[in-house]
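Below is one structure, written out as structure tokens, with a few remarks after it.
The values are calculated or read from the model by the stated rules, or taken from the named source; none is laboratory data. This structure is a prediction, so every number in the text was calculated from the model and none was measured. Cβ sites come from the backbone with ideal geometry, for glycine too, and all protein chains shown count toward neighbours. We work out accessible area using only protein heavy atoms, side chains counted, and drop any ligands, DNA or RNA first. Shrake-Rupley method; radii C 1.70, N 1.55, O 1.52, S 1.80 Å.
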Protein chains: 2
Amino acid sequence: MQGDDPRGEERALTKREITTLERRRHIVETAAICFVEQGFHQTSIRDIAKRAGISLGNLYNHFETKTALIAEIATLESEDLRDMQSALAADGDPGAILDRFIADYFAYVARPENAVLAAEITAEAMRSPQIVGPYLDNRRTLIGALAAILRRMPEGATPPCPADPVQLAETLLDVIGAAASRVAFEDAATQETTCATTRQVAARLLGN
Amino acid sequence: MQGDDPRGEERALTKREITTLERRRHIVETAAICFVEQGFHQTSIRDIAKRAGISLGNLYNHFETKTALIAEIATLESEDLRDMQSALAADGDPGAILDRFIADYFAYVARPENAVLAAEITAEAMRSPQIVGPYLDNRRTLIGALAAILRRMPEGATPPCPADPVQLAETLLDVIGAAASRVAFEDAATQETTCATTRQVAARLLGN
DNA sequence: CAAATCTGAATGAACGATCGTTCATTGAAA
DNA sequence: TTTCAATGAACGATCGTTCATTCAGATTTG
């Protein structure tokens with residue numbers, strides 16, 4: 001059994017460890033759904049356990065406390081967001097990459113479940129020192145990746161505003177996120193045109 | 001006593017009615033403080049009653065349920081915000097009025113307690129039909145007032161972006177609010193310069 | 001390879017605390 | 001005399017968490 005990896009650095013996962021990891025992942029996914037529907041503090045551990053189809057006690061084998069579960073979800077970036085981030089870091093025409101990012105990020109936040117969870121995490125991060133750290137780390141990473149692309153952009157007719165790429169990245173994220181969130185809850189029908197308008201706003205700030 | 005208003009439309013308030021109104025107002029203010037510190041659903045009715053210095057039962061003489069109290073706070077606009085709104089509606093140079101509004105609204109959201117409460121209300125509104133209505137009403141009123149000023153602005157070097165005054169007002173509110181909220185929690189020291197940058201962003205979108 | 005041992009995931013009852021809400025009662029203002 | 005703000009005990013429900021127990025799978029031993 002252990003002969004599979006003679007170097008011994010990484011043991012192969014046993015069947016049990018795999019199912020445990022899957023179980024844990026399933027709990028996180030279920031909790032995220034509950035949190036979107038009811039909010040962090042209106043969701044009970046029993047709600048999550050019941051919906052995940054496991055016993056109450058077993059949930060505590062995977063997460064020490066409810067707070068730890070909340071922190072995990074608040075910290076965890078979704079795969080979608082991670083994909084966007086790596087797309088930002090790829091080679092290629094910066095203008096095309098940026099356009100693609102705007103469309104993707106807008107579509108992401110325009111999905112109500114993402115907008116709700118983001119709002120919930122934001123509110124929680126403002127009160128909980130446990131969460132604000134990882135939350136800001138995540139956000140700063142995304143802003144850094146976006147700022148890197150902005151630095152690669154060719155000069156437009158006028159200089160960007162704000163001139164500092166990081167501040168520009170922050171402003172762009174704010175504008176896209178807010179517009180998309182509005183689409184998610186007020187006028188879902190206008191998603192296409194609102195996204196187009198947002199792209200124009202971005203272009204204006206970039207100096208084109 | 002009742003002779004004060006012979007037309008009988010508006011009776012004078014009795015001593016008791018006055019203290020009752022004051023008590024009610026005091027509860028609202030105390031609840032707001034608790035909600036900022038602990039969030040809506042981590043604050044108990046007992047917390048509020050204790051901090052307000054009244055009995056648990058008496059609180060229920062002024063608010064039917066905890067939800068009603070939350071709804072009242074989520075709906076209630078602060079005096080500051082109402083002042084800004086009426087300043088927007090005043091006569092005078094639209095450019096000066098707009099500049100003043102940007103500074104005031106930025107300073108308002110840059111105060112952590114206002115930023116926290118706004119985030120909490122936003123998250124709650126996304127899940128509670130009870131709250132989303134009044135919340136959107138308030139916001140739309142503010143946007144309307146801002147859009148009215150934007151319509152009065154003289155034409156700049158280039159047309160505004162977005163061209164529609166209402167969408168421009170929404171975008172401006174988003175940008176100011178997000179930047180100010182960032183100042184409140186990340187780099188409180190940069191308030192002056194960040195506000196100045198925000199003003200530049202606004203000018204850029206307006207077309208100057 | 002088979003038997004014995006160990007490990008830790010899984011269970012659900014139970015605990016004490018706290019939750020939102022109700023209610024009989026009191027006392028001061030109308 | 002009537003009205004109603006004010007009180008705090010009490011209620012049932014639910015909360016997060018703990019715990020003894022079970023048992024399948026991993027590991028060690030013979």
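Side notes on the structure shown:
- Of all the numbered requirements in (1) open to solvent by 30 Å² or more (accessible area, probe 1.4 Å); (2) within 25 Å of A:I70 (Cα to Cα); (3) over 17 Å from the mean Cα position of the chain (by Cα), A:S128 misses one, and that requirement is (1).
- Residue check for A:R182: in a helix (DSSP H, G or I), under 30 Å from B:A125 (Cα atoms) and either at pLDDT below 95 or of a type in the set (K, R) (or both): yes
- Residue ranges of helices (runs of 4 or more DSSP H) in segment A:1-116 with at least 3 members in contact (Cβ under 8 Å) with a residue 40 or more places away in the chain and within 15 Å of DNA strand D (Cβ to nearest atom): A:15-38, A:66-75
- If you go through segment A:131-149 and keep only what is buried (at least 19 other Cβ atoms within 10 Å of the Cβ) and either over 20 Å from B:V183 (Cβ atoms) or of a type in the set (F, W, Y) (or both), you end up with A:Y135, A:I149.
- Residues that are within 17 Å of B:M84 (Cα to Cα) and exposed (fewer than 15 other Cβ atoms within 10 Å of the Cβ), drawn from segment B:153-175: none
- Residue tally, condition more than 10 Å from DNA strand C (Cβ to nearest atom) and exposed (fewer than 13 other Cβ atoms within 10 Å of the Cβ), over segment B:53-77: 1
- Residues that are over 19 Å from B:A178 (Cβ atoms) and basic (K, R) were ranked within segment A:71-130; the one that is farthest from the other protein chains (Cβ to nearest Cβ) is A:R82.
- Of the listed requirements (1) within 28 Å of B:A189 (Cβ to Cβ); (2) buried (at least 16 other Cβ atoms within 10 Å of the Cβ), B:L88 misses just one: (1).
- Residue within segment B:39-52 that is more than 11 Å from DNA strand C (Cβ to nearest atom), among the hydroxyl-bearing types (S, T, Y) and not assigned by TED's automatic domain parsing to the domain that holds B:E113 present: no
- Checklist (1) within 8 Å of chain A (Cβ to nearest Cβ); (2) open to solvent by less than 50 Å² (accessible area, probe 1.4 Å); (3) under 25 Å from A:L117 (Cα atoms) applied to B:L205, failing item: (3)
- Residues in segment A:1-14 that are within 11 Å of DNA strand C (Cβ to nearest atom) and either modelled with pLDDT of 50 or more or among the charged types (D, E, K, R) (or both): A:T14 alone.
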